[in-house]
1. Go through A:LEU130, A:LEU50, A:LEU189 and list them by solvent-accessible area, largest first, probe radius 1.4 Å.
2. Given chain B reduced to its alpha-carbon atoms as identical point scatterers, what log10 I(q)/I(0) does the Debye formula return at q = 0.05, 0.12 Å⁻¹?
3. Name the shape class, rounded, prolate or oblate, that the alpha-carbon gyration tensor gives for segment B:367-438, where a ≥ b ≥ c are the square roots of its eigenvalues, rounded holds for a/c under 1.5, and otherwise prolate holds if a/b is larger than b/c and oblate otherwise.
4. Show the residues, 5+ positions off or on another chain, whose built amide H is closer than 5 Å to the amide H of B:VAL525.
5. Once the Cβ-Cβ distance between A:ARG132 and A:ALA582 is put in as r, and R0 is 35 Å, what FRET efficiency do you end up with, to the nearest 0.05?
6. Return the percentage of antiparallel bridges among DSSP beta bridges fully within the protein assembly as shown, rounded to the nearest 5 %.
7. Give me the one-decimal nm value for the distance between modelled label points at A:ILE175 and A:ALA569, 7 Å along each residue's Cα-to-Cβ direction.
8. If the viscosity is 1.567 mPa s and the temperature 4 °C, what translational diffusion coefficient in µm²/s does Stokes-Einstein give for segment A:358-594 when Rh comes from Kirkwood over Cα pairs?
Amino acid sequence: MTEPHGDAAARQQPTGQAGLLPTADGPAIRGALGALLRSARWLAAGAFLLMLVATGLGLLIPPLLGYLVDLVAEQRAADTIVLPVLLILGIAIGQGITTAVGLTRLARLGEGMLAELRERFVRRALHLPLERVEQAGSGDLTARVTNDVSMIADAVRNALPELARSGLTIVLTLIGMIVLDWRFAAVALVVAPIHVLTVRWYQRHAVPLYAAQRVATGAQQHQLLDTVGGAHTVRTFRLGTAHVDKVRTRSTRAMELMLRGVRLVTGFYNRLNFAELLGLSTVLITGFVLVQNGSATIGTATAAALYFHNLFNPINAALRLVDDAQVALASLARLVGVTELPPQPENTRTGQQLDPTIKVANVRHEYVPGQPVLRDIDLEVAAGQRVALVGASGAGKTTLAKLIAGIHAPSRGSITLGEVDLTERGPHAISDLVGLISQEVHVFAGPLADDLRLAKPKAADEELLAAVDQVGARDWVQALPDGLATVVGEGGHRLTVTQAQQLALARLILADPRIAILDEATADAGSAGARVLESAAANALAGRTALVVAHRLTQAAACDRIVVLDAGAIVETGTHDELVAADGRYARLWRAWSAPRPT
Amino acid sequence: MPQQPKPGSRPARGVLASSIRGQSALVTTSTVFYILHQGAEASVPLLIGVIIDEAVTTGSVSALARWLLILAAVFLGLALSFRYGARAGERASYQAAHRLRMRLTSRVVDQHGGAEAGRLSGALVNIATNDAKRVGAVNLALPLGVAGLAGILVAGTVLLRISTPLGLLVLLGTPLLLVLAHLLGKPLERRSGAEQERAAHASGVAADLVSGLRVLKGIGAVSTAVARYRATSRNSLAATVRAARAEAWHDGAILILTGVLIALIALVGGQLAINAEITIGNLVTAVGLAQFLLGPLQIFAVVNGQLAQGRASAKRIGEVLAATPAVHAGEEPLPSTIRGELRLRGLRLDPLHDVDLSVPAGHTLGIVATDARAATALLDCLGRAAEPTAGSVSLDGIDVSTVAPSRLREALVVAAHDADLFEESLLDNVTAATPELSEDAVAAALRASGGDEVAETLPAGAHTVLAERGRSLSGGQRQRVALARALAGDPPVLVLHEPTTAVDAVTEARIAEGIRELRTGRTTVLVTTSPTLLKITDTVVFVAGAAVQAEDTHSRLLRADDQYRSAVLG
């Protein structure tokens, strides 16, 4: 016995916030499953038929053994038992083969449906507007694509075949009992209400308990990641005892809930034991009565009791799987909730012919009504011009960059790229006109070349190397164990922050958008790395209209124009020299940064 | 304190043995109940036979009542023995896992360090959860295995007493059947393992693409990514179906083998019965027992697998518990008042080479290193994260390697550039090391680090609970809160490594001023290349490559040393 879905769910964020992605309801799930099944109906029918035959054959062995015992009892010649023995052999072989083929078909059916579902999910998820993903928290999407998919995969791999076999065994055994003598089958059904009540009782207690277990194991996992991942910091600030106590509290809590789950499961089986006893006694008493009034033979009574005994295991297995099926269903609801979202209109307009200019007119933006993040922004960037945004954290630089990239629609005012108003392009589409490198660096797991080819699928190796060369990364790329073929990212060769950002710039070169937006791409690289990245960015932006959210002032100084933002408004704008000469806010910053710098 | 390994001890066996020993009472209880359960399960079909013989055949109501009562008693025993066997075994399993988790946690955060070396934190967490669970699960597998063995012994004895040839056939045939099934399954198992890995790969790719969503959107690569995922998913589907087919044929083969064995028993038993060497009842019992034996033998196969997993997990746990500490233990006391005079003599740790420098008490020193590895090595020696290969660091004349690391860290705090925050309120993060801190001191630290601005943007201000490892904050926000924590403790010596890399220029200038004010009269070392921070230092040590090249004020170095200027200003 294992605890129900403990660690698999552990990484699931206990999110209580609004804005989570939708969860499908019963009809929607049935609809989606029905559609998947219809497209594989022949496979499904074949699998069902084979499993039916396999189970049926298996049920023939006990009566054959009974027949053999009868032959012996009648003291027939020794060779008469050869026939039933050969029949048993033949049945066993038939059962083995049909089971193997049937289970294979069943796996193809289940796994095929799962693959289709996860592909639809990824397609829909990647097309979701970023704004929507941010509302939900990216943890929601990741949890669905990992935990929920693996929950369903577990169910398909383990629960589905067992459920099919147990279910068919139960049905066929009951049919066998009806054929034997319908009265035995009728009394056997007397215990069915106990099973129904037991499952209901179990679910009533199990659903909240398992939810609590998921929260507790999730909390334990978080605490361990916190403590173990931050071990260096824990030591630095002598927090060891406090952290060990925190882990103990959460681990103990998780353990207690798990043990409560064990008590629940033993209670569940004990109730089923009671049903077994009651059912078996009823069948035996019925046999006693029927044999006494002469309406059944001793053989029939014996067979009925043994048939009923044979039901114990499949009934236990099937009822236990009700629980797994419920968990899988909850996961399915979360997947279907996303796959059934209305599709985003695809952006069919190509941006390559458009004039790469940016016009921001009278833009105001508020995330929370009444709290403007940007106020009355007017900004024009001519084709090929490079503009830096400078300002303190919270001044609105990133928000402005996101509005221009089309991630959010401004609360008021208009943003025009080329001659086209962003709102007309569809509110959330980042067109192929605009490339955005955000604060987030991500190296895709797999060969480095594959990562780069995301930006340009058909690029030859030479083209990739050229891009890598332009961002000053050729040396380290060629020094990697397998060059461009080196597996990088999660589980592969670890790149430094600087290298990862060079990679982002190389992707930008390959994607070749006419407008590029860089948001603090150098922030985490440290000073030395920042300088490498500045020249890489300069190369990557060559020939493009560019908006750079500048963290280091040298980066701003290299731009054609600098826009200084403060509290959501543009307070200064001009070239580096103009702004230094004007002796305003930018000039003060520049002095603080480089006082004795000879220029 | 970490459990130091005895020389030559086998960590895996030690971990496993202590995990079982720690729960021996529960393991024994569970074993006894599982044996009783096994017995009760086996006697149900026997009782059915008896009731048919004694009651249904004879028509005796009193016999029926008597035997049904006995049946009820057996079921009661069956239910209770399962209940208590499972509860004791599961408790032993969870408690053992919990204890291992706590030992691992204590070892990882131990003041002497060394347990994380060469391991990703995700892998360590995995050891503390899944491996601990698997070792714990041995405490449940053992009772099941012993009960299975008891069942086999009892069934074997009964069979041998019926008939020696029949008994031998069943006793030798059933294990042979399982060995055959195991051999048949072996290559399949290996193949399905490899193929399941590919299936897991598909899920990894999906998660990876989702976490890189912004990057994909930023370069318009969504459609490419979708197509790539589809290819991966189809690949994985093919692999999974191959694995499932292998498993299905394995199941089918076992069914066939079982059928062969039952047919053999029927044939031999039938002949014996016809020759009147055994009774018909004996034949029925033999067939029944052969089917019963498959149960305990299958339990054996499962238990065997769990023991193998448990051993592998115990090895991984043992390696972490026995990891070599990163630094020596020291016992010398430190005086209660620390002036804060820091001195490095002939310090070596790759790539540092014979570094000498001294920081007078109350001084603010900048250290500019051209090689990031040199800076890291220096910080590791100061923070006692690594032992220097030669030379020494002393604080107020006391060699720091003679002091217990945690005692030293009260007086000398080395705040890492990427220090972690924890899943608690912003305020608790800042005051974690110094809970008795006055509100004014906390406010001052938050002001100096710019942490007050971070708090203002949060829904519940400084009382907002941060996500695990502070991930609900941006890099710049995290850095400011971490700096506030370092400043809040007001340690006699504070070493800050690049504390402002992720904050903007405006904020950085404000933070530099804040650090200067708050640390007046206290020894502060700033390991950085930021000119804004270097401007508040009294002197700067310039480490070019592996050794100290110059020491002077920031402005003089800027004017006089071209290499320094290019390191700092680019």
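1. On the way: A:LEU130 10, A:LEU50 40, A:LEU189 100 Å².
So, going from the largest accessible area down, we get A:LEU189, A:LEU50, A:LEU130.
2. Each listed q corresponds, in turn, to -0.40, -1.23.
3. Numbers: a/c = 2.69, a/b = 1.46, b/c = 1.85.
Here segment B:367-438 falls in the oblate category.
4. B:LEU365, B:LEU494, B:VAL495, B:LEU496
5. On the way: r = 42 Å, r/R0 = 1.21.
The calculated FRET efficiency here is 0.25.
6. Numbers: 39 of 76 bridges.
Percentage antiparallel, nearest 5: 50.
7. Rounded to a tenth, the inter-label distance reads 8.2 nm.
8. Working: Rh = 18.5 Å.
Rounded, D is 70 µm²/s.
The values are calculated or read from the model by the stated rules, or taken from the named source; none is laboratory data. What you see is a predicted model; the values in this text were computed from it and never measured. Every residue, glycine among them, receives a Cβ derived from its backbone with ideal geometry; neighbour counts consider all protein chains shown. Note: areas computed on protein heavy atoms with side chains; ligands, DNA, RNA excluded. Shrake-Rupley method; radii C 1.70, N 1.55, O 1.52, S 1.80 Å.
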